[in-house]
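Below is one structure, written out as structure tokens; comments come after it.
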Amino acid sequence: MTARIIDGKTIAAELRGRVADAAHRLARDRALVPGLAVVLVGSNPASEVYVGSKTKATVGSGMRSFDHRLPATVGEADLLTLVGRLNRDPVVHGILVQLPLPAHIDSQKILAAIDPAKDVDGFHPVNLGRLAAGLPALAPCTPLGCIILAKTVHPSLEGLDAIIIGRSNIVGKPLALLMLGENATVTVAHSKTENLPEVCARADLVIAAVGRPEFVRKSWIKPGATVIDVGITRLPVPGEPGKSKLVGDVAFAEAAEVAGAITPVPGGVGPMTISCLLANTVRAACMQAGFPIPDFSKPSSDERSRD
Ligand code: NAD
């Protein structure tokens with residue numbers, strides 16, 4: 001069997017199109033232009049690239065983008081003051097503080113200071129708690145992207161036996177809550193899980209978020225299962241000094257021989273994250289204005305029928 005490739009780039013572009021349509025309709029019909037503030041502290045090159053892409057995507061989708069770049073030496077109190085100002089600013093509907101922050105700043109304190117209603121990254125304990133309680137919440141972007149990708153293969157996740165490998169607060173745990181909300185039967189595996197290959201081989205849906213390149217092998221995959229690979233590790237290309245490539249948590253070539261569908265790395269989960277951030281910004285703007293909240297979690301029927 002050769003797995004169908006789940007094309008995250010195309011699915012993310014389709015989602016971005018739906019989000020941009022919703023943003024344009026809000027501006028035209030209700031004079032509401034969703035706004036996203038991104039705060040970048042220091043000059044981490046990877047963070048600079050992420051922030052640049054987020055700004056471009058926000059503006060390209062008809063929303064307002066507010067960039068705040070602060071030196072790595074900024075104090076925690078000054079950063080908290082900025083977050084407080086953005087919390088009160090009515091044209092800012094979403095606030096994202098790019099992680100990692102410098103070591104002298106307590107990231108949890110900063111994330112907890114963001115108004116939960118503007119927490120488009122979905123990292124605030126209130127949003128995680130609301131997710132756990134099954135209440136409407138802003139959910140983290142990467143897990144949301146995984147759900148949308150899974151739904152391109154399984155329009156309903158109800159009753160699916162799913163395993164999530166990894167229990168981080170930003171991927172594994174919120175993803176498990178989202179999957180429970182979709183009525184899947186969820187196993188969350190982690191570094192202390194015993195017999196992981198056997199546990200994994202029972203699953204109809206495998207989501208790997210570990211951060212270990214090519215960790216999940218072919219023998220762990222039930223024939224026909226859907227595999228979603230969140231992991232991203234940059235590795236040097238053997239024999240090509242200075243060159244590197246991105247590798248996922250799944251041994252892609254061999255897993256594709258048994259899986260029914262699989263995401264590639266790059267081009268799978270990665271592109272979904274920014275599209276989900278834009279979706280959360282539109283949702284946050286609607287929530288704050290008391291307008292109906294659009295549901296972007298279902299892929300369009302075009303994406304579902306794609307083979
Ligand atoms: P993390 O380091 O916070 O968590 C890793 C998890 O893997 C932990 O819960 C740990 O228990 C589990 N783990 C470690 N070793 C294991 C083992 N031997 N067996 C089973 N489980 C094991 O990582 P994270 O932030 O959740 O990210 C995971 C991966 O996903 C990374 O490669 C990261 O770069 C990637 N990521 C991608 C995106 C994206 O595509 N947009 C977003 C976030 C994270």
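Every number in this text was worked out from the coordinates using simple rules, so none of it is lab data. Not measured: the values here are computed from a predicted model. Reconstructed Cβ throughout: ideal geometry from the backbone, glycine too, with neighbour counts over all protein chains shown.
In this structure, the amide hydrogen of R4, modeled 1.01 Å from its nitrogen in the peptide plane, lies closer than 5 angstrom to those of A261, I262, counting only residues at least 5 positions away or on a different chain.
The separation of the stretch 250-270 from the stretch 271-297, counted between C-alpha centres, amounts to 28 Å.
Taking a temperature of 25 °C and a viscosity of 0.890 mPa s, what whole-number D in µm²/s does Stokes-Einstein yield for the stretch 46-96 with Rh from Kirkwood over alpha carbon pairs?
Details: Rh = 12.3 Å.
For the chosen part, D equals 200 µm²/s.
Here D229, D78, D249, D295 are placed in order of increasing Cβ neighbour count within 10 Å, fewest first, which gives D295, D78, D249, D229.
Under a no-solvent Debye model with one identical scatterer per Cα of the stretch 29-126, what's log10 I(q)/I(0) at q = 0.16 Å⁻¹? The computed values of log10 I(q)/I(0) come out as -0.65.
Once R0 is set to 51 Å, what does the formula 1/(1 + (r/R0)^6) return for the Cβ-Cβ distance between T185 and R25, expressed as a FRET efficiency to the nearest 0.05?
0.85
Charge dipole of the stretch 75-116 (Cα centre as origin; +1 on each Lys and Arg Cβ, -1 on each Asp and Glu Cβ, all else neutral): 60 debye, rounded to the nearest 20.
With the simple spin-label model, which puts each label point 7 Å out from Cα in the Cβ direction, the I5 to V126 separation comes to 4.3 nm.
Under 13 Å from a label point set 7 Å out along the Cα-to-Cβ vector of S53, the amide N atoms of the stretch 7-45 belong to 8-10, 12-13.
Dipole of the chain computed with +1 at Lys/Arg Cβ and -1 at Asp/Glu Cβ about the Cα centre; of L157, H190, T81, farthest Cα towards the positive end is T81.
With 27 Å as the limit on Cα-Cα distance, the pairs of K9/K245; K173/K243; K109/K173 that go past it are K173/K243.
Result for the chain in a Gaussian network model with C-alpha springs under 10 Å: among P155, P136, P271, the largest mean-square fluctuation is at P136.
Using the Stokes-Einstein relation with a Kirkwood hydrodynamic radius computed over Cα pairs, the translational diffusion coefficient of the stretch 87-170 at 25 °C and a viscosity of 0.890 mPa s comes to 167 µm²/s.
Max-minus-min Cα coordinates of the chain on each principal axis give 53, 45, 36 Å, with the largest extent listed first. Once the Cβ-Cβ distance between R202 and E158 is put in as r, and R0 is 22 Å, what FRET efficiency do you end up with, to the nearest 0.05? Between R202 and E158 the formula returns 0.80. The antiparallel fraction among DSSP beta bridges confined to the chain stands at about 10%. Among L96, L235, L160, the largest mean-square fluctuation in a Gaussian network model of the chain (Cα springs under 10 Å) belongs to L235. In the chain, the calculated helix contribution to ellipticity at 222 nm averages -12500 deg cm²/dmol per residue, counting -39,500 (n - 2.57) for every DSSP H run with n ≥ 4. Across the stretch 196-210, computed HN-Hα scalar couplings (Karplus, 6.51 cos²θ - 1.76 cosθ + 1.60, θ = phi - 60°) run 4, x, 5, 4, 5, 5, 8, 8, 7, 9, 10, 10, 9, 9, 10 Hz from first to last residue, x flagging Gly and Pro.
Placing +1 on each Lys and Arg Cβ and -1 on each Asp and Glu Cβ, with no other charges, gives the chain a dipole about its Cα centre of roughly 440 debye.
Mean projected area of the convex hull spanned by the Cα atoms of the stretch 141-270, taken over all viewing directions: 7.8 nm².
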